[in-house]
Protein chains: 2
Amino acid sequence: MSDFTIAIHGGAGTILRSDMTTDLERAYTDALEQALMTGYSLLEKGISSVDAVKAAVMSLEDCILFNAGRGSVFAKDGSQEMDASIMDGETLMAGAVSAVRNIKNPVELAYTVMTEGEHVMLNGQGAYDFALSQGIKTEKDDYFFSQFRYDQWKQLQGTDKAVLDHNVAIRDKKFGTVGAVALDKKGNIAAATSTGGMTNKKWGRVGDSPIIGAGTYANNKTCAISCTGHGEPFIRAVTAYDVSCLMEYKGLSLQEAMHIVVHDKLLRIDGEGGMIGADAKGNTAMVFNSEGMYRGMKCSDGRHEVSIYK
Amino acid sequence: MSDFTIAIHGGAGTILRSDMTTDLERAYTDALEQALMTGYSLLEKGISSVDAVKAAVMSLEDCILFNAGRGSVFAKDGSQEMDASIMDGETLMAGAVSAVRNIKNPVELAYTVMTEGEHVMLNGQGAYDFALSQGIKTEKDDYFFSQFRYDQWKQLQGTDKAVLDHNVAIRDKKFGTVGAVALDKKGNIAAATSTGGMTNKKWGRVGDSPIIGAGTYANNKTCAISCTGHGEPFIRAVTAYDVSCLMEYKGLSLQEAMHIVVHDKLLRIDGEGGMIGADAKGNTAMVFNSEGMYRGMKCSDGRHEVSIYK
């Protein structure tokens, strides 16, 4: 049991050791470690869980390795539309944005929707206009995925086939959502999620990440959850809130509830992916049914882990 | 207990007898009756609950009195953006659309997303493009709210102040969502919801209606729910799925679970509105915490009700 704790994920899916180089694996673990420490150091200073999950997710959005913010995948029409959400377990306030373009940190916009707006969920051009009215930072298209940065990064990592394969894998990885959950010193929990969605997504598809209850949920009474996976089954299963209900109505522990949802309920409807969770008692869990999940946790009791594979 | 049953709503809010004329009240109850019979007659023929709720909601969308499809309210920028969703309790398949324009029947598009697409939720222009590819019927802007139809309707109803007030009320009524839930002869349940959103809504706001788990949910094991109300609290409370969880995990009846969610959980976060529900055993319920809710139910055991006020 910890006084404060944070967990993060950088997406789940078919992540195989055989597709990795040592350098690339280090790049991933370094980025996860940095996001973890960004959030943890805020919690250590007594800053709120909401601010900690926002900061951790912004760190992952800024890293081109993950499919959120910078590095978001391309939709069928060549655009990069991003979704994000955040929820405060103390107040049950929430903010979400879907199909936003050119927002440097979609989770920051979701946070601002929660704190400054009268609505929970804003979409598309309207969300962008709201962002401008609030002074949220925007970036041009090439920031999110420029050929220059891509080539530069390839050169840095070397040009062997495995790296090329992995580059391709980054663009094709379906479940590259990022997220964070945290418990702060005051006993409040929060969750945040951000994604660039599915590669080649069509028809303005919205996944589970901006859906409160599906991709993100937080309630001091139960848990804070951020999901990553094949969004459609996660929406149909109301995944994040289901963990909360199993805890509240059936008295299950965080770990038990997450296990049932990920390994039973989601699998029954072909839902591949995983989730991270925290509760107000200091428990933290990371559960997935896919080959791997980029993930990390750091707790004030000394537990500290960054992992990729099973 | 009925072999088959349908319930519908045409929105909830501050609906006062003092704002009504006899003619107007009749127009509302006739429209509700027509939608109810449209769905009921399908169920009577052995057609599925999914088809019945779709047909009932289309009937309400086609009526200019309700804020969905034709008659949708105007957003701040003068546009009419509509949301809809549908869920099949047998398969847990679902479809939803948000921020769509010029779609004659948004619930028909949500149904087609569920049955023909690979995604659950489509948004904006992408959803519109998908609609065209599927031959979904579109209409020009003036179909949804033309001055001609408006004036014609005013003339038909007379020109006294009460009617004018009511005309204004139609445009200002915040919670004018429509929806339906049904149980068919095979024991399958389904739910559907459709809305034009909030008058003067800004920033591409998305309410609870297209959110599976919030505005709409259906699962043969528990219940089919369609909500109407102030969307933001309904999203934060994951309202429709909460009813399902209270039934599945705590063993509550449909009526008990709906009562807790509407009169306790929603009120605690200032959530005004209501919901209709059906379960696979033939129970039907209509619960609201607002002044009124346009509503109706018709069951094979003979129960038949159309009401507006408390």
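The values are calculated or read from the model by the stated rules, or taken from the named source; none is laboratory data. Source: prediction; values computed, not measured. Positions of Cβ are backbone-derived with ideal geometry, glycine not excepted, and every protein chain shown enters the neighbour counts. Please note that ligands, DNA and RNA were not included when accessible areas were found on the heavy atoms of the full protein model with its side chains. Shrake-Rupley method; radii C 1.70, N 1.55, O 1.52, S 1.80 Å.
Counting the residues of the range B:262-282 that are part of a loop (DSSP other than H, G, I, E, B), open to solvent by less than 50 Å² (accessible area, probe 1.4 Å) and touching a residue at least 40 places away in the same chain (Cβ under 8 Å) gives 4. Looking across the range B:242-256, just one residue is open to solvent by less than 10 Å² (accessible area, probe 1.4 Å) and of a type in the set (D, E, K, R), and that is B:D242. The set of residues from the range A:8-38 being touching a helix residue (DSSP H, G or I) at 6+ places or on another chain (Cβ under 8 Å) and open to solvent by 10 Å² or more (accessible area, probe 1.4 Å) comprises A:D19, A:M20, A:T21, A:D23, A:A27, A:A31, A:Q34, A:T38.
For every residue, the table says whether it meets (1) of a type in the set (D, E); (2) within 13 Å of another protein chain (Cβ to nearest Cβ); (3) within 17 Å of the chain's Cα centre (by Cα).
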{"position": "A:M37", "(1), (2), (3)": "no, no, yes"}
{"position": "A:E44", "(1), (2), (3)": "yes, no, no"}
{"position": "A:N67", "(1), (2), (3)": "no, no, yes"}
{"position": "A:A84", "(1), (2), (3)": "no, no, yes"}
{"position": "A:L132", "(1), (2), (3)": "no, yes, no"}
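Only helices (runs of 4 or more DSSP H) wholly contained in the range A:90-181 count here; list those with 3 or more residues that are modelled with pLDDT of 95 or more. Helices (runs of 4 or more DSSP H) meeting the threshold: A:106-116, A:124-133.
Do the conditions hold for B:H259, that is, is it touching a Lys or Arg at 6+ places or on another chain (Cβ under 9 Å) and surrounded by fewer than 24 Cβ atoms within 10 Å (Cβ to Cβ)? When the stated conditions are applied, B:H259 does not pass them. All conditions in (1) within 21 Å of B:V261 (Cβ to Cβ); (2) open to solvent by 10 Å² or more (accessible area, probe 1.4 Å); (3) in contact (Cβ under 8 Å) with a residue 40 or more places away in the chain hold for A:H230, with the sole exception of (1). In the range B:206-218, the residue that is nearest to the other protein chains (Cβ to nearest Cβ) out of those that are within 18 Å of B:N67 (Cβ to Cβ) and in contact (Cβ under 8 Å) with a residue 60 or more places away in the chain is B:V206.
Here the range B:283-310 is the region considered, the condition is being more than 18 Å from B:I15 (Cα to Cα) and not charged (D, E, K, R), and the residue that is surrounded by the fewest Cβ atoms within 10 Å (Cβ to Cβ) is B:G302.
Is it fair to say B:T91 is surrounded by fewer than 24 Cβ atoms within 10 Å (Cβ to Cβ) and under 21 Å from A:L266 (Cα atoms)?
On the way: surrounded by fewer than 24 Cβ atoms within 10 Å (Cβ to Cβ): yes; under 21 Å from A:L266 (Cα atoms): yes.
Criteria met by B:T91.
Residue check: A:E108 meets all listed conditions (1) touching a residue at least 40 places away in the same chain (Cβ under 8 Å); (2) more than 22 Å from A:I225 (Cβ to Cβ) but one, namely (2).
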